[in-house]
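What follows draws every value from the coordinates through simple rules; no lab data is involved. What you are looking at is a predicted structure, and each value in this text was computed from that prediction instead of being measured. Neighbour counts are summed over all protein chains in view; Cβ atoms, including those assigned to glycine, are modelled from backbone coordinates with ideal geometry.
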Amino acid sequence: MATNTVASAGISVKRVVSKEGIDPFDAVIWEKREARIDDAKGNSVFRQEDARVPANWSQTALNIVASKYFHGRIGTEEREKGVDELIPRVVSTIRAAGEQQGYFSSLETADSFQAELTMLLLGQYASFNSPVWFNVGCHTLEPENKAKSWHWDAARETVIQAAAGYSKPQCSACFINSVDDSMESILDLAKTEGILFKGGSGTGTNFSAIRASMESLSAGGTASGPLSFMRGYDAFAGVIKSGGKTRRAAKMAILDADHPDIEDFIHCKSREEKKAQALIASGYDGNGPDSEAYASIFYQNANNSVRVTDEFMRKAEEGGEWALTGRIDGKPVKTVRARSLLWSIAEETWRCGDPGMQFDTTINAWHTCPRSGRIAASNPCSEYMFLDDSACNLASLNLLRFVTDEAFNIALFQHAVRVLIIAQDILVDMAGYPTESIAIHSHDYRPLGLGYANLGALLMSLGLAYDSPEGRDMAAAITSLMGGTAYRTSAQVAAMTSELTAADPELKDTQSGAFPGYERNREPFLDVIRKHREAAEAMVLTATSVALTLRETAVSCWQEAERFGEQHGFRNAQVTVLAPTGTIGFMMDCDTTGIEPMLGVVIFKKMVGGGYLTLVNQTVSNALNRLGYSQEEIEVIREYIEENNMIEGAPGLHEEHLQVFDCAFRPSKGKRSIGWSGHIDMMAAVQPFLSGAISKTVNLPSEATVSDVAEAYLSAWRKGLKAVAIYRDGSKTSQPVSASASAVKTSVTSTSPADLSGPPAANRHRLQDERSAINHHFSIAGHEGYLTVGLYPNGQPGEIFVRMAKAGSTIAGLMECFGTVVSVGLQHGVPLKVLCDKLSHTRFEPSGWTGNEEMGYAKSIMDYLFRWMELRFLSGPQLPLFATKEAASGNADRVPNHTPDGISHFLHDAYEVGDAPLCSTCGSLMVRNGSCYKCANCGGTSGCS
C-alpha cells in the first residue's frame, strides 16, 4: 500500500490542543540557546550552540534532550539543530506508518492526529520512552543503515528478518527474554541482550529453568547453575552502553523461591559487595560502577528479584517448611524454613538494596492472556510484566500539565491518553525486534505501557499530602481514569480497524481488529477488565470534589471498555504501567518521576557563570497558595526554606500542613519524611487500575532494621502489590560504618550531672605528642588550601589545621583560630558528626567546583572541609583504614539492629543519598529513581525509560 493511502473508514482524532490551519510549530515561541553539560570538575562533556527550543522549556530539558536525543554527530550537517527537528522526525514517521497501516479515516484525520501529537509533545504533556527518540525517523538521516531486525511484514502476513536499518527501528524500552536449560539458549540470550542494550532498551529474565548447581548433566558431571551464567550476562551489561549513548544497560535477574540455588542468589550481591569494600580499603578507587573496585566484581549491573507465591508467603507468616525442587525432575532436593528464607531476603535488602520481591500469584491473577502462558518475569524496573519473549513501548503523561487553577482537566487528559494509545499501537508493527519470537509476540499481543509522571508534584501543588487518604484517593482516581480510558480506546481501535478492513478490501493484508491472541484468551481477558471495573466502582473517596468527578468519569470509562470489548475485543493485551520516567521526565520538566513523591523542597539551579543558586521548588509556593497563605506569609516561609533547606520550623506554617510537604528523604537537619508504609499504601491504592505493575523504591531510613524490611515485604504482599523494591538509606556503606562504630565513639565525663543550669563539664583528652596525621590539599574555584587532621591512636580526629592565603593575612588568622576552636571541641568530646551536620552546606564565597570527584561542587570552604571530614571519617570508603583492629575484625558481617543515621545531601533538585553512585557520563552524584538511579545534571539513568 502506498504510504499516503488513507481509507474511507478508520480512527477519528479531533483537535483539542491544535488549531486547523495553524502549524503547531508556529504556535510556539522559539529561542536559540547553548545546550551544555559539565562534569563534576566543571569540564564540558557536551556542548551544542544555537539549539532551537520552545521558550518555556527549561535549560535542563534542552541540555538533556540535545545530548541524549538529537541525532547525528556534533559539528556535522546531519546533526539535528533543535527540538523543531527532533519532534517532527518522530511524529511524521508515526503518522506515515499509521497511514500505511490504514489507521485514519481521512487525510484530515491524519493531519489532526499529527498536529495533536505534536502539540502534546511540544507542550510537555507527554513523552515516548527513550528508544523512540533514539531511533524513530532516523532512516531519513541514515538511509545507508541496513542493520537486520525481525519485524512484521504485512504483505506476507508474517514476521521476517531483513536488513531494514532505522526503517524498522527499535521502539520499545522494556523487554522480557526467556532462557531454557540448554547451552544454545543461554548463549542466545547473551546476544539478544547485547542487541537490546545497544538500542537503548532494558531486559529482564527469569533464570529458574536452568538446572541447579547440584544437579547432574546428561553427559555426566554437575551443572554450574544459573548464577555462573549470570556472571557472564552481568559483564556484558557492564560494558555495553545503552542506545549507543552513555547510559549503562538496564537488566533484571529473577529466580523462583523454590529453585535449589535460591539461597546463593539471595546472597550473591552482598558477597560481591564485601569484595569491593576490601578492595577500597586496600586503596583501590571505589567511585561508581566503572571504578577499579566495582568493575572487578560480579552481579552489580542487574536488579535482582525473588519470585514468590502466596503459598510461600503464608508459610513464611506461619513458620512452615518450604521445599526447593530440582529443575530436572521437579522433586524436592532440600527443605528450608520459609520464614528464614524471607528473613534472608530482608537481611540482604537491608545490606545492599537487593533482592526485591515479585508476587507471582497476584501477577498471574491479573493476567489477561493466561491461556498463552504464565507471566514469569519482568523488565528491569518491574513495571512491565507479561509473556516471555515480549516487548513493551512506554509513554508517560505529565500530570501537572493537566492541572488548572480550579481543577484537573479531565477531558484534555482523556484526549491525551487516546492520542498516545493510538500512537503507541502504530509503533508496534513499524518497529523492529531482536528475535523472531519477540517480533511474533509483539504483533500477536501488542502490549503497551502508558503511564504518568509528576504525581508527587501534583499532590503537593493541590495541597494534598502524599501519605494521606486524600492523596491516595486522588492518585487512585487519576490512575483509574487513565486505565479505563486506555482500555476503552484499545477496544475502540479494535472496532474501528475491524470496520476499516471490511470497508476497504485493499487493506486485507494489514493487521486489524483485536490482537490475534485475543479470541484464545477472551474470557480471562474480560474477567480482568471486570476486576478493574469493580475496583473502580468500589472506591470510597475521602478527597476533594475533583477526585470524586475523576472517579465517576473513570467508572464510566471502565464500563464502556467492558461493553466495547465484549463486542469487538481489544487491540492490546496490556495498556498501562507506571515506569520510573527518568530521562523523559527531564524532557517534560517534571519535578517528580513516576509515582514517586517529592525528594526535597529545595532545588539548586546551576548558574551560567558557575556555582548554584538555592531556590524553593515552585510546587511549594503553589501548595501554600492553595492552602490559603497570603503572599507575605509565603515569602517568609520561602526565605526560611532557602536558609535551612527544609520547611520544618518555618514561621507561620500551620502544624497540620506540615505533612503536605513531607518528602521521600529526610532533610539533613530535619526529622520528617514519608515512612515506608506511606510508599506501599500509595502503590496499593493505584495497583488495581494498572495492566502492569509499578516501578518504585520504598525508601527506609538508615536506622531501619531487618525486621522493618521484612514487614514491608509482607505488607506489600498483603496489600496486593505485584512487585516491590526496598532501599535503606546508606545501605551501601553500612558495613564500614558498623564495623568501626566503636572507633568513633567519644568519651564525655559529667562532673555535675544534677546541675541543669548549663551543660555538664567535659574532660579534655589531648593528643599524644607524637601522632599520625593526614594532609589533604583542596581547591575551591581556584582558591587552594591545605587541611591537616591530627589523629588519636584509634584513628579518630582530634585536631585540625587549615592553611589558606599568606601567613599574617586576615584569612590565615581566621582559619588558624577556627582550627583551634574545632580542635578544642574535638578533644572535649564534641562528636565529629555534630560538627559536620552544623557546618556542611553552609553557603558563602568562595564557592565552586573543587576538582575532587568525591566532593563535586562546594558551597563554601566550610562546606568542603566538613563534607570531606564526614566522607573520610564517618561514612566514606576509607573508613576501615582508621578502624581499630578490634573494631574491624569479626563484626563486618554482623547486621546491627540499628545503624547510625544516614546523611542526606542536596544535589541540584533533590536530596542525595550518601551512597548513590556517580554518573558515568558527567561524574555527578545520582539519585534513586524507581529501582534505578538518575542524574539530575545530564539526565543519565541506569533504567530503561
At 0.890 mPa s and 25 °C, Stokes D of region 333-424 from Kirkwood alpha-carbon radius, µm² per second: 142
Under-5 Å amide H pairs with Arg571, H placed in peptide plane, nonlocal only: Ala491, Ala494, Phe515
Table column - 3J(HN,Hα) (Hz), region 669-680, Karplus curve with 6.51, -1.76, 1.60, x for Gly and Pro: 10, x, 10, 9, 6, 7, x, 4, 5, x, 5, 5
Of all DSSP beta bridges in region 776-866, antiparallel share, percent nearest 5: 100
Distance violations [Cα-Cα > 32 Å] among Lys806/Lys859; Lys19/Lys696; Lys148/Lys331; Lys671/Lys859; Lys191/Lys531: Lys19/Lys696; Lys148/Lys331; Lys191/Lys531
Distance histogram for the chain (every C-alpha pair counted, 10 angstrom bins, percent rounded to whole numbers): 2, 12, 21, 25, 20, 12, 6, 2, 1, 0
Placed amide H near Gly451: partners under 5 Å, 5+ positions off or other chain: Ala395, Ser396, Leu397, Val577
Peptides 764-770, 295-301, 554-560 ordered by average Cβ neighbours within 10 Å, highest first: 554-560, 295-301, 764-770
Sites Leu627 and Thr76 - FRET efficiency at Förster radius 60 Å, r taken between beta-carbons, to 0.05: 0.70
Estimated translational D of region 770-875 in µm²/s (Stokes, Kirkwood radius over Cα pairs; 25 °C; 0.890 mPa s): 175
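For region 174-372, take the convex hull of the Cα atoms, compute a quarter of its surface area, and give me that in nm², please.
Values: hull surface 51.4 nm².
Result: a mean projected hull area of 12.8 nm².
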Nearest 10 degrees, 0 to 90: helix 706-718 Cα axis against the chain principal axis: 20
Computed Rg/Rh of region 163-281, alpha carbon atoms with Kirkwood Rh: 1.03
